[in-house]
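Worksheet for the structure shown next.
The values are calculated or read from the model by the stated rules, or taken from the named source; none is laboratory data. The structure presented is a predicted model; accordingly, all values stated were derived computationally and were not measured. Neighbour counts run over all protein chains shown; Cβ positions are idealised from the backbone, glycine included. Side chains are part of the model used for accessible areas, which takes the heavy atoms of the whole protein and leaves out ligands, DNA and RNA. Shrake-Rupley method; radii C 1.70, N 1.55, O 1.52, S 1.80 Å.
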Amino acid sequence: MIDMTGAPIISTSATVYSPEWWMNRLSRELDDRAFPMQRFDDYYQGKHPMLYAGAKYRAAFGNLFAGFSDNFCGLVVDAVEERLDVEGFRMGADLEADDDAWRMWQENGMDAWSQIAHTEALVKGQCSVLVSPDEEDGTKAEFTVQDALEMAVGLDRCSGDRLAALKRWGEDDGSVCFTLYLPDSIEKWRTKPPKGGTTAIRTVGRYGLIPREVPGETWPLPNPLGVVPVVPLVNRPRLRGPGVSEIRDVIPKQNALNKLFLDMLVASEYAAFRQRYAIGMEIEKDPDTGQDIEPYKSGPGEMWMEENPDAKFGEFDVTDLAN
């Protein structure tokens, strides 16, 4: 069996498109995207791996250049994001609908939050916006930008309609919370306490869940909108597959630049104090270990002397740094 993304469905007893099926399906999608999206986020923040020419160079200079990086990934994303601005809405001939949408946009501070949403989508390939209606005032709604590492949306392959959405996040006490958004209801769950007699009544992947009851709310909570209230914002959308991070194609170039800069820094370190050698002398050995005893200490303030008149000293040529 194949799911809507073309990936094989892990065997489960849940009925296809049932709430339990959607929770397993979307939770698995969050697991699958976690590593690549976190990698893109790390590169955007300048957290790059240091690529030395060999293990000895890493051992010698790892701490010295640990904080070094010339972050072009951030520049690529920010240059695109600076050109993305929402200036208004057009909804056919109904000008009042345009005004209502713009009013709600401004009430939620989306001029600023939309910039964050654009950045998230450019870095990770997608993000989402959760729309929560105001129960007391039907002319108002709350918009919140959701991290793609915490929110996944299931779409109909034929129509593109939103069929379900799942938000999964960790709390400070170590528990994991789930909120499943369906067209007619909203289910809230959490992992069972680590100790105690509470029995999980739903299993999602490695999580055993119990209902997460909120004071003043029914369970499950009715969805007054009649549609899944989560709108995905996808970068470079295609008919199939997820969005594409702007950083994806920049990472190999970023790694190559970091490698070149590190090589230059290592070369300049050796050029600052040339490597010297001595020949024509006997090397003493440690009587206990049999290992050679280093006769000289190399350093700017060290002098090398040898009683053997046949001994010779010299220094290696440095790497040409002209390029």
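In what sequence, largest accessible area first, do GLU150, GLU142 appear using a 1.4 Å probe? Don't skip to the answer; put the middle values down first.
Numbers: GLU150 65, GLU142 100 Å².
Putting GLU150, GLU142 in descending order of accessible area: GLU142, GLU150.
With a sphere of radius 14 Å drawn around the Cβ of ALA165, what net charge do the other residues whose Cβ falls strictly inside it have (Lys, Arg +1; Asp, Glu -1)?
-2
When only the heavy atoms of the protein chains count and the probe is 1.4 Å, how do LEU265, LEU75, LEU209 rank by accessible area, highest first? Please report the intermediate quantities before stating the final value.
Working: LEU265 55, LEU75 105, LEU209 0 Å².
Heavy-atom accessible area, descending, gives LEU75, LEU265, LEU209.
How much area per residue is accessible in the range 122-224 when the probe is 1.4 Å and only protein heavy atoms are counted (Å²)?
Values: 5520 Å² over 103 residues.
Spelled out: the 1.4 Å probe surface of the range 122-224, per residue, equals 54 Å².
Mind scanning LYS47/LYS253; LYS47/LYS259; LYS124/LYS259 and naming the pairs with a C-alpha gap bigger than 20 Å? Each step should come with its number before you reach the end.
On the way: LYS47/LYS253 15 Å; LYS47/LYS259 14 Å; LYS124/LYS259 24 Å.
Correct reply: LYS124/LYS259.
For the range 178-240, calculate the relative contact order in percent as a whole number, restricting contacts to Cα pairs under 8 Å that are 6 or more residues apart. Before the final figure, lay out the partial values.
Working: 78 pairs, mean separation 23.8, N = 63.
Dividing the mean separation by the residue count of the range 178-240 yields 38 percent.
Tell me, what is the 1.4 Å probe accessible area of HIS118, in Å² to the nearest 10?
Surface open to solvent at HIS118 totals about 30 Å².
Report the net charge of residues surrounding ALA97, where surrounding means a beta-carbon distance below 12 angstrom and charges are Lys +1, Arg +1, Asp -1, Glu -1.
Details: positive: ARG90, ARG103; negative: ASP94, GLU96, ASP98, ASP99, ASP100.
Surrounding charge for ALA97 is -3.
First compute the accessible area of the range 134-242 with a 1.4 Å probe, then give the percent of it belonging to carbon and sulfur atoms.
Looking at the range 134-242 in its full context, I get 51 percent from C and S.
Note down the accessible area of SER185, probe 1.4 Å, to the nearest 10 Å².
Estimated to the nearest 10 Å², SER185 gives 20 Å².
Note down the net charge around THR179, summing +1 for each Lys or Arg and -1 for each Asp or Glu among other residues with Cβ under 12 Å from its Cβ.
Working: positive: LYS167, ARG168, LYS188, ARG190, ARG212; negative: GLU150, GLU187, GLU217.
It works out to a net charge of +2.
Determine the order of VAL123, VAL76 by accessible area, beginning with the largest, at a probe radius of 1.4 Å. Let's see the in-between values first.
Working: VAL123 5, VAL76 50 Å².
These residues rank, largest area first, as VAL76, VAL123.
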